[in-house]
Structure formats: structure tokens, C-alpha cells
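Written below as C-alpha cells is the structure these notes are about.
The values are calculated or read from the model by the stated rules, or taken from the named source; none is laboratory data. All of these numbers come straight from a predicted model, not from anything done at the bench. All Cβ positions, even for glycine, are placed from backbone atoms using ideal geometry, and neighbour counts span all protein chains on display.
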2 protein chains.
Amino acid sequence: MADRLAGLIEDLRSRGARVTSARRHILSELVGAEGHLTADELAARVQRAQPDLHLSTVYRCLDALERLGLVDHVHLGHGRAVYHLTDDPHQHLVCEECGVVIEVPDSTFAALSHDLASSYGFSIRPNHFAVLGRCAACGPTS
Amino acid sequence: MADRLAGLIEDLRSRGARVTSARRHILSELVGAEGHLTADELAARVQRAQPDLHLSTVYRCLDALERLGLVDHVHLGHGRAVYHLTDDPHQHLVCEECGVVIEVPDSTFAALSHDLASSYGFSIRPNHFAVLGRCAACGPTS
DNA sequence: CTGCTTGCAAATAGTTTGCACGTTC
DNA sequence: GAACGTGCAAACTATTTGCAAGCAG
């Protein structure tokens with residue numbers, strides 16, 4: 001876990017981006033949470049250690065990290081986006097009833113991805129879409 | 001086409017909802033456009049015939065129509081939602097580069113839907129998610 | 001006529017931006 | 001010390017809501 005963070009920091013540095021306190025904390029929280037954090041949540045968590053970190057800084061950091069390819073975001077339907085690290089590729093199932101987010105391996109979408117490529121020439125962007133529906137606990141759509 | 005509109009109006013009436021000028025126009029535009037309209041676009045089109053129709057009314061109408069099951073909306077990633085009629089079920093592929101929306105039949109997702117149901121007990125909500133990626137014209141993710 | 005609908009203005013949520021100051025390399 | 005990053009306030013976009021007036025049933 002500490003190794004993973006160290007690797008990410010190293011990535012940052014090696015691509016010529018500056019390693020700041022805000023970025024270090026944000027990456028650290030993302031590693032700790034294993035993804036799925038909104039900008040809000042991320043700000044709240046980092047602020048426990050660094051109270052004057054502003055929400056807009058979180059957005060700018062995430063934007064920079066995304067541009068560098070370390071982070072990606074997914075829109076979960078009703079506005080708010082969640083951010084996660086790009087290593088450990090996965091897709092998201094979101095329950096519209098209870099809001100739970102289930103991670104599923106990329107391989108689940110391999111067949112679909114292939115079909116869409118051959119039928120429509122369309123390339124799915126990995127890690128960047130959420131599938132909406134209802135989870136097992138909430139039962140099928142009534 | 002006129003028949004389709006008449007059927008929708010009838011649906012409205014039979015479920016006890018009031019048939020207003022705003023609702024009639026909105027349904028008419030949705031039929032004419034074959035879906036994929038944002039609230040903005042919808043307002044602009046209806047305003048050609050009924051200039052004082054307010055955007056908030058469009059949202060309220062769409063909300064009512066959605067509650068009645070005639071209309072559904074999809075979030076295309078960066079905020080704005082598009083609305084479409086619920087008959088003629090289909091899914092949406094959205095190109096992140098050029099924004100084009102490609103409709104594909106529900107059947108394309110049948111296998112995925114089945115897999116997710118059996119592996120995770122998760123029921124995909126039909127017609128309510130968009131798949132992001134890149135269209136044939138824009139080429140695969142660089 | 002009674003309540004569902006609408007127009008309008010103002011509020012909200014999520015995110016972005018301008019600018020002056022602080023920090024990293 | 002030059003360029004990049006951050007804090008803060010204000011702008012912006014998409015959508016929702018309160019309220020008084022309007023129209024459908």
C-alpha cells in the first residue's frame with residue numbers, strides 16, 4: 001500500500017509534474033479508499049490532515065492527475081463524479097435504488113467490447129462508464 | 001408518426017395526467033426527433049411554436065412524463081442529460097471525442113445483462129445507461 | 001371551481017476560472 | 001527565481017423549487 005503510493009508519487013515526478021502536499025494526500029486517500037470517492041469526499045478526508053485544502057484544489061489536482069493518466073473519473077448518473085486510480089482496471093455497476101457501487105473486472109465487458117468494435121467500429125473507453133440498474137439487495141426493477 | 005403522438009397523448013389522459021399544450025408539444029418534438037434531445041434543445045424547439053414556454057416547465061413536464069413511464073433520460077457523461085421516448089428500446093454509445101450518439105438495439109446487451117444477473121444478481125436498467133468511448137470516425141483511444 | 005400546471009425568479013449542486021500569493025524544482 | 005500550484009471568491013452549467021396566476025377536467 002505504501003509501495004503503491006510511492007510508485008504513484010514517482011510517476012508524478014518522472015513525468016515532470018510537481019509533487020505537492022495536496023497531490024500526495026489525494027493520491028494517498030485514493031490508495032486507501034480503493035477508489036470511488038467524489039471530489040467532496042476526497043476533500044473532506046484530506047482536510048483532516050490539511051484543513052486549508054480547498055475543494056477547487058482537489059478538482060485541479062484530480063484534473064492534473066487525470067491528464068497524466070494516474071486517475072480516471074466515472075459519472076454515476078445524477079451529477080457527481082467519482083474518481084479512482086487507473087491501475088487495477090475495472091468497471092462500475094451502480095444501484096439506482098441504494099447507490100451502492102459494485103466493481104467488476106474488465107473481462108466482464110470483453111465480449112461486449114468486441115461486438116461493438118466489429119459492428120459499429122466503436123471502441124469502449126475502459127474504466128469510464130457506469131452501468132445503472134438495481135443490485136441484488138434492492139431486487140429487480142419493479 | 002401522428003399516430004404515435006396520438007397514442008402517447010392518449011396514454012397521458014388515461015393515466016389521469018392533464019393534457020396540456022406544453023406536454024403535447026414536448027411529446028411531439030420527441031416523436032419528431034426520435035429521441036436524444038437535451039432539455040435545452042427541447043425548450044428551443046417547442047419555443048418556435050410557443051415562445052413563452054419556460055425551461056423549468058420543460059423539466060417539470062419531462063419529470064412527469066418520466067414518472068408516467070413515457071419518457072426516460074440518459075446521462076451522457078459530462079452533465080447534460082438527453083431524453084427519449086420509452087417505446088422502441090435501445091441503448092446509447094457516446095463518442096467522447098465528437099459527441100455523436102449512436103443507438104444500438106437492446107439485444108446487443110443481452111449477453112452482458114445475463115452475465116451480470118447471474119454473477120452479481122445485478123439487473124441492468126434498460127435504456128438508462130450510455131457507453132462512452134470513441135466512434136469509428138474518431139478512431140480508437142490514442 | 002378545485003387542483004394540477006405553468007411562468008418567473010431565485011435557490012441549489014457540482015464544477016470551473018481569474019487572480020494574487022506561496023511552493024517546488 | 002521562474003514556472004507551476006494553491007486559496008479564495010466569484011462565475012458557470014444543469015437542474016430544482018417557491019409562489020402566485022392560469023388552465024384542464
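For this structure, a couple of remarks:
- Among the conditions (1) among the aliphatic types (A, V, I, L, M); (2) more than 13 Å from every other protein chain (Cβ to nearest Cβ); (3) closer than 17 Å to B:His36 by Cβ, B:Val101 misses just one, which is (2).
- Residues of the stretch A:51-64 satisfying the condition of being surrounded by 15 or more Cβ atoms within 10 Å (Cβ to Cβ) and more than 10 Å from DNA strand C (Cβ to nearest atom): A:Leu53, A:Cys61, A:Ala64
- Complete set of residues in the stretch B:41-98 that are closer than 26 Å to A:Ile124 by Cα and of a type in the set (Gly, Ala, Ser): B:Gly77, B:Gly79, B:Ala81
- Count of residues meeting criterion [within 14 Å of chain B (Cβ to nearest Cβ) and over 13 Å from the mean Cα position of the chain (by Cα)] in the stretch A:68-81: 3
- Qualifying positions in the stretch A:89-114 - in contact with a strand residue (DSSP E or B) (Cβ under 9 Å, 6 or more places away or on another chain) and assigned to a helix (DSSP H, G or I): A:Asp106, A:Thr108, A:Phe109, A:Leu112, A:Ser113
- Matching residues in the stretch A:117-131 - criterion: being over 12 Å from the mean Cα position of the chain (by Cα) and more than 7 Å from chain B (Cβ to nearest Cβ): A:Ala117, A:Ser118, A:Ser119
- Verdict on B:Ala33 being more than 15 Å from DNA strand C (Cβ to nearest atom), at pLDDT below 95 and away from chain A (no Cβ under 14 Å): yes
- Scanning the stretch A:19-44 for residues that are surrounded by 16 or more Cβ atoms within 10 Å (Cβ to Cβ), farther than 17 Å from A:Gly7 by Cα and within 14 Å of DNA strand D (Cβ to nearest atom) yields A:Ala39, A:Leu42, A:Ala43.
- Considering the stretch B:38-50, and only residues there that are within 18 Å of B:Ala81 (Cα to Cα) and near DNA strand C (Cβ under 10 Å from one of its atoms), the residue that is farthest from the other protein chains (Cβ to nearest Cβ) turns out to be B:Val46.
- The set of residues in the stretch B:37-80 that are basic (Lys, Arg) and closer than 28 Å to A:Val131 by Cβ comprises B:Arg67, B:Arg80.
- Neighbours by Cβ (under 8 Å, 6+ apart or cross-chain): first from the stretch A:79-107, of a type in the set (Lys, Arg); second part of a strand (DSSP E or B): A:Arg80/A:Thr38
This table checks each residue for (1) facing chain B (nearest Cβ under 7 Å); (2) at pLDDT below 85; (3) assigned to a loop (DSSP other than H, G, I, E, B); (4) buried (at least 19 other Cβ atoms within 10 Å of the Cβ).
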site: A:Glu66; (1), (2), (3), (4): no, no, no, no
site: A:Tyr83; (1), (2), (3), (4): no, no, no, yes
site: A:Asp87; (1), (2), (3), (4): no, yes, yes, no
site: A:Gly133; (1), (2), (3), (4): yes, no, no, yes
site: A:Ala136; (1), (2), (3), (4): yes, no, yes, no
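- The set of residues in the stretch B:8-18 that are within 10 Å of DNA strand D (Cβ to nearest atom) and free of Cβ contacts under 8 Å to residues at least 24 places away in the same chain comprises B:Ile9, B:Arg13, B:Gly16, B:Arg18.
- Pairs, first in contact (Cβ under 8 Å) with a residue 24 or more places away in the chain and in a loop (DSSP other than H, G, I, E, B) in the stretch A:33-56, second within 12 Å of DNA strand C (Cβ to nearest atom) and of a type in the set (A, V, I, L, M), C-beta under 6 Å, six or more apart: A:His36/A:Val82; A:Leu53/A:Ala22
- Residue within the stretch A:11-30 that is near DNA strand C (Cβ under 8 Å from one of its atoms), of a type in the set (S, T, N, Q) and assigned to a helix (DSSP H, G or I) present: yes
- Test for A:Thr108: is it of a type in the set (Ser, Thr, Tyr), within 13 Å of DNA strand C (Cβ to nearest atom) and either buried (at least 16 other Cβ atoms within 10 Å of the Cβ) or over 29 Å from B:Ser119 (Cβ atoms) (or both): no
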